[in-house]
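First comes the structure, then the notes that go with it.
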Amino acid sequence: MKFALVSGTSINHSPVFSSWIPRTVETKHGPVTLRTRGDQVVLNRHGAGAAPLPPHTINARANFAALAQLGFADVVSFNSVGSLRPDLPPGTFVSCSDYVAIQQPPATYHDEVLHAGAPGIANNLLPVVAAALAPEFTLETGLTYVHTRGPRFETKAEIRVMKTWGDVVGMTLAPEADLCTELGLRYNSFGMVDNYANGIEGAAIDYASFKRMVHDNQERVNRFIARLLEVLS
(Lines give C-alpha, C1' and ligand atoms only; values in the text may rest on other atoms or scores of the structure.)
Protein backbone atom coordinates (compact mmCIF):
# COMPACT_ATOMS: atom_id res chain seq x y z
CA MET A 1 0.00 0.00 0.00
CA LYS A 2 1.21 3.51 -0.80
CA PHE A 3 1.24 5.75 2.28
CA ALA A 4 3.32 8.39 4.03
CA LEU A 5 4.25 8.09 7.71
CA VAL A 6 4.81 11.38 9.51
CA SER A 7 6.33 11.23 12.98
CA GLY A 8 8.70 13.05 15.29
CA THR A 9 11.99 12.42 17.01
CA SER A 10 11.06 8.78 17.64
CA ILE A 11 12.06 8.20 14.01
CA ASN A 12 15.63 9.31 14.73
CA HIS A 13 15.89 6.88 17.63
CA SER A 14 14.33 3.91 15.83
CA PRO A 15 16.24 1.25 13.87
CA VAL A 16 13.13 0.57 11.78
CA PHE A 17 14.08 3.12 9.10
CA SER A 18 17.85 2.65 9.02
CA SER A 19 17.80 1.07 5.54
CA TRP A 20 15.30 3.51 3.99
CA ILE A 21 16.80 5.75 1.31
CA PRO A 22 17.07 9.53 1.96
CA ARG A 23 15.53 11.85 -0.62
CA THR A 24 15.07 15.62 -0.80
CA VAL A 25 11.98 17.08 -2.44
CA GLU A 26 11.88 20.73 -3.52
CA THR A 27 8.60 22.57 -2.96
CA LYS A 28 7.66 26.23 -3.34
CA HIS A 29 7.47 26.34 0.46
CA GLY A 30 11.00 24.97 0.91
CA PRO A 31 12.95 21.69 0.63
CA VAL A 32 11.89 18.56 2.51
CA THR A 33 14.16 15.60 3.29
CA LEU A 34 12.46 12.26 3.85
CA ARG A 35 13.23 8.54 3.58
CA THR A 36 11.74 6.14 1.04
CA ARG A 37 11.14 2.42 0.71
CA GLY A 38 9.24 1.38 -2.39
CA ASP A 39 5.86 3.13 -2.38
CA GLN A 40 6.27 4.30 1.20
CA VAL A 41 7.95 7.33 2.75
CA VAL A 42 8.68 8.41 6.30
CA LEU A 43 8.99 12.08 7.15
CA ASN A 44 10.30 13.55 10.40
CA ARG A 45 8.13 16.60 11.05
CA HIS A 46 10.94 18.12 13.13
CA GLY A 47 13.36 18.01 10.19
CA ALA A 48 16.18 15.75 9.08
CA GLY A 49 18.96 17.64 10.89
CA ALA A 50 20.69 16.55 14.07
CA ALA A 51 18.90 19.26 16.07
CA PRO A 52 15.10 18.85 15.91
CA LEU A 53 13.05 21.90 14.99
CA PRO A 54 10.77 23.03 17.84
CA PRO A 55 7.05 22.82 17.05
CA HIS A 56 6.51 26.51 16.30
CA THR A 57 9.25 26.47 13.61
CA ILE A 58 8.18 23.32 11.73
CA ASN A 59 7.60 24.01 8.03
CA ALA A 60 4.38 22.00 7.81
CA ARG A 61 3.38 23.62 4.52
CA ALA A 62 6.53 22.29 2.86
CA ASN A 63 6.18 18.87 4.50
CA PHE A 64 2.70 18.18 3.18
CA ALA A 65 3.24 19.89 -0.16
CA ALA A 66 6.09 17.41 -0.69
CA LEU A 67 3.84 14.45 0.09
CA ALA A 68 1.19 15.75 -2.31
CA GLN A 69 3.80 16.28 -5.04
CA LEU A 70 4.90 12.65 -4.61
CA GLY A 71 1.34 11.48 -5.16
CA PHE A 72 0.46 10.34 -1.65
CA ALA A 73 -3.20 10.30 -0.63
CA ASP A 74 -2.96 8.55 2.74
CA VAL A 75 -0.98 10.09 5.59
CA VAL A 76 -0.35 8.17 8.82
CA SER A 77 0.66 10.48 11.63
CA PHE A 78 2.27 9.46 14.92
CA ASN A 79 2.27 12.14 17.63
CA SER A 80 3.54 12.32 21.19
CA VAL A 81 0.79 13.67 23.46
CA GLY A 82 0.19 14.61 27.06
CA SER A 83 -2.83 13.20 28.87
CA LEU A 84 -5.57 15.49 30.16
CA ARG A 85 -7.30 12.59 31.95
CA PRO A 86 -6.20 10.61 35.02
CA ASP A 87 -7.58 7.44 33.41
CA LEU A 88 -5.40 7.89 30.28
CA PRO A 89 -1.92 7.11 31.65
CA PRO A 90 1.50 7.42 30.03
CA GLY A 91 2.22 4.45 27.79
CA THR A 92 -1.28 4.43 26.24
CA PHE A 93 -1.58 4.31 22.44
CA VAL A 94 -4.25 6.65 21.14
CA SER A 95 -6.05 7.88 18.03
CA CYS A 96 -7.77 11.26 17.84
CA SER A 97 -10.86 11.90 15.75
CA ASP A 98 -11.17 15.65 16.34
CA TYR A 99 -9.20 18.60 17.65
CA VAL A 100 -9.35 22.06 19.21
CA ALA A 101 -6.82 24.56 17.85
CA ILE A 102 -7.93 28.00 18.94
CA GLN A 103 -4.39 29.11 19.83
CA GLN A 104 -2.52 28.00 16.77
CA PRO A 105 -1.12 30.35 14.11
CA PRO A 106 -2.82 30.00 10.70
CA ALA A 107 -2.01 26.78 8.83
CA THR A 108 -3.20 27.19 5.26
CA TYR A 109 -2.15 27.27 1.64
CA HIS A 110 -4.88 29.82 0.87
CA ASP A 111 -3.87 33.17 2.31
CA GLU A 112 -6.10 34.97 -0.17
CA VAL A 113 -9.44 33.48 1.01
CA LEU A 114 -11.32 33.80 4.27
CA HIS A 115 -12.22 30.12 4.64
CA ALA A 116 -10.61 27.06 3.08
CA GLY A 117 -13.12 24.33 3.92
CA ALA A 118 -14.01 22.41 7.06
CA PRO A 119 -10.97 20.60 8.51
CA GLY A 120 -11.00 17.17 10.09
CA ILE A 121 -9.30 13.82 10.62
CA ALA A 122 -10.20 11.12 8.08
CA ASN A 123 -8.93 8.05 10.00
CA ASN A 124 -9.86 5.94 6.98
CA LEU A 125 -7.17 3.36 7.81
CA LEU A 126 -7.94 3.20 11.54
CA PRO A 127 -10.47 0.31 11.55
CA VAL A 128 -8.15 -2.02 9.66
CA VAL A 129 -5.07 -1.02 11.64
CA ALA A 130 -6.75 -1.25 15.06
CA ALA A 131 -8.12 -4.70 14.30
CA ALA A 132 -4.80 -5.99 12.97
CA LEU A 133 -2.75 -4.65 15.90
CA ALA A 134 -4.97 -6.29 18.52
CA PRO A 135 -4.42 -7.97 20.90
CA GLU A 136 -0.76 -6.87 21.09
CA PHE A 137 -1.72 -3.20 21.04
CA THR A 138 -4.94 -1.59 22.23
CA LEU A 139 -5.82 1.86 20.92
CA GLU A 140 -7.92 4.41 22.78
CA THR A 141 -9.87 5.89 19.87
CA GLY A 142 -12.26 8.76 19.26
CA LEU A 143 -10.24 11.20 21.39
CA THR A 144 -10.11 14.98 21.06
CA TYR A 145 -6.69 16.60 20.69
CA VAL A 146 -6.13 20.06 22.16
CA HIS A 147 -3.46 21.87 20.17
CA THR A 148 -1.09 24.42 21.72
CA ARG A 149 1.43 26.44 19.76
CA GLY A 150 4.48 25.63 21.91
CA PRO A 151 7.35 25.52 22.30
CA ARG A 152 6.78 25.76 26.04
CA PHE A 153 4.62 23.36 28.01
CA GLU A 154 1.24 24.52 29.26
CA THR A 155 0.65 26.15 32.64
CA LYS A 156 -1.48 24.37 35.24
CA ALA A 157 -4.18 27.00 34.77
CA GLU A 158 -4.20 26.39 31.01
CA ILE A 159 -4.50 22.65 31.58
CA ARG A 160 -7.47 23.17 33.92
CA VAL A 161 -9.24 24.85 31.01
CA MET A 162 -8.03 22.43 28.34
CA LYS A 163 -9.18 19.30 30.18
CA THR A 164 -12.75 20.53 29.68
CA TRP A 165 -12.08 20.70 25.93
CA GLY A 166 -10.44 17.36 25.15
CA ASP A 167 -8.54 14.25 26.14
CA VAL A 168 -4.92 14.87 25.13
CA VAL A 169 -2.72 17.89 24.44
CA GLY A 170 0.09 18.41 21.95
CA MET A 171 1.84 20.84 19.62
CA THR A 172 1.84 19.24 16.16
CA LEU A 173 -1.43 17.62 15.00
CA ALA A 174 -3.78 20.48 14.16
CA PRO A 175 -1.82 22.28 11.40
CA GLU A 176 -1.02 18.92 9.82
CA ALA A 177 -4.70 17.94 9.69
CA ASP A 178 -5.67 21.40 8.42
CA LEU A 179 -3.16 21.27 5.56
CA CYS A 180 -4.04 17.69 4.63
CA THR A 181 -7.69 18.71 4.34
CA GLU A 182 -6.77 21.53 1.96
CA LEU A 183 -4.64 19.20 -0.17
CA GLY A 184 -7.21 16.39 -0.24
CA LEU A 185 -4.95 14.05 1.74
CA ARG A 186 -6.49 11.57 4.19
CA TYR A 187 -4.99 12.16 7.65
CA ASN A 188 -4.84 9.25 10.11
CA SER A 189 -4.08 9.89 13.78
CA PHE A 190 -2.01 7.59 15.98
CA GLY A 191 0.05 8.49 19.01
CA MET A 192 1.53 7.69 22.38
CA VAL A 193 0.75 9.29 25.72
CA ASP A 194 4.23 10.13 26.99
CA ASN A 195 3.24 12.12 30.07
CA TYR A 196 0.43 13.52 32.16
CA ALA A 197 -0.15 17.19 31.35
CA ASN A 198 1.00 19.76 33.88
CA GLY A 199 -0.97 19.28 37.12
CA ILE A 200 -2.82 16.11 36.09
CA GLU A 201 -2.32 13.48 38.80
CA GLY A 202 0.10 15.87 40.48
CA ALA A 203 2.44 15.88 37.47
CA ALA A 204 4.95 18.71 37.13
CA ILE A 205 6.25 18.66 33.57
CA ASP A 206 9.56 19.99 32.27
CA TYR A 207 11.64 19.25 29.20
CA ALA A 208 14.14 16.98 30.96
CA SER A 209 11.46 14.77 32.51
CA PHE A 210 9.55 14.72 29.22
CA LYS A 211 12.65 13.49 27.38
CA ARG A 212 13.12 10.73 29.96
CA MET A 213 9.53 9.55 29.52
CA VAL A 214 9.87 9.56 25.73
CA HIS A 215 13.07 7.53 26.06
CA ASP A 216 11.37 5.04 28.38
CA ASN A 217 8.59 4.51 25.81
CA GLN A 218 10.90 4.25 22.79
CA GLU A 219 11.05 0.44 22.63
CA ARG A 220 7.25 0.11 22.63
CA VAL A 221 6.95 2.87 20.03
CA ASN A 222 9.50 1.07 17.82
CA ARG A 223 7.48 -2.12 18.02
CA PHE A 224 4.19 -0.29 17.36
CA ILE A 225 5.55 1.44 14.27
CA ALA A 226 7.12 -1.80 12.99
CA ARG A 227 3.76 -3.56 13.30
CA LEU A 228 1.99 -0.58 11.73
CA LEU A 229 4.27 -0.84 8.70
CA GLU A 230 3.64 -4.59 8.47
CA VAL A 231 -0.12 -4.09 8.52
CA LEU A 232 -0.13 -1.31 5.92
CA SER A 233 2.36 -3.10 3.68
### Query
Of the numbered conditions (1) closer than 18 Å to GLU176 by Cβ; (2) among the aliphatic types (A, V, I, L, M); (3) more than 18 Å from the chain's Cα centre (by Cα); (4) not in a loop (DSSP other than H, G, I, E, B), ALA157 satisfies every one except a single condition; which is it?
(1)
### Summary
When ALA107 is run through (1) in a loop (DSSP other than H, G, I, E, B); (2) under 17 Å from ARG23 (Cα atoms); (3) touching a helix residue (DSSP H, G or I) at 6+ places or on another chain (Cβ under 6 Å), the failure sits at (2)
#### Entry: Conditions (1) more than 22 Å from SER233 (Cβ to Cβ); (2) buried (at least 17 other Cβ atoms within 10 Å of the Cβ); (3) within 15 Å of the chain's Cα centre (by Cα); (4) among the aliphatic types (A, V, I, L, M); number of the one not met by VAL100
(2)
### Message
Could you check the range 46-76 and list, in sequence order, the residues that are within 17 Å of ILE11 (Cβ to Cβ) and either in contact with a helix residue (DSSP H, G or I) (Cβ under 6 Å, 6 or more places away or on another chain) or among the β-branched types (Val, Ile, Thr) (or both)?
### Response
ILE58, ALA60, PHE64, VAL75, VAL76
### Task
Run down GLU201, GLU176 and say which single residue is out of contact with any Gly (no Cβ under 9 Å at 6 or more places or on another chain), over 17 Å from LEU139 (Cα atoms) and at pLDDT 95 or above.
GLU176
### Summary
Cβ pairs under 6 Å, 6+ apart or interchain, first in the range 209-233 and basic (Lys, Arg), second part of a helix (DSSP H, G or I), ordered by first then second residue, are ARG227/LEU133
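The values are calculated or read from the model by the stated rules, or taken from the named source; none is laboratory data. Because the structure is a prediction, the values reported are computed rather than measured. When we count neighbours, we look across all protein chains shown, and the Cβ atoms used for this are built from the backbone with ideal geometry, even at glycine.
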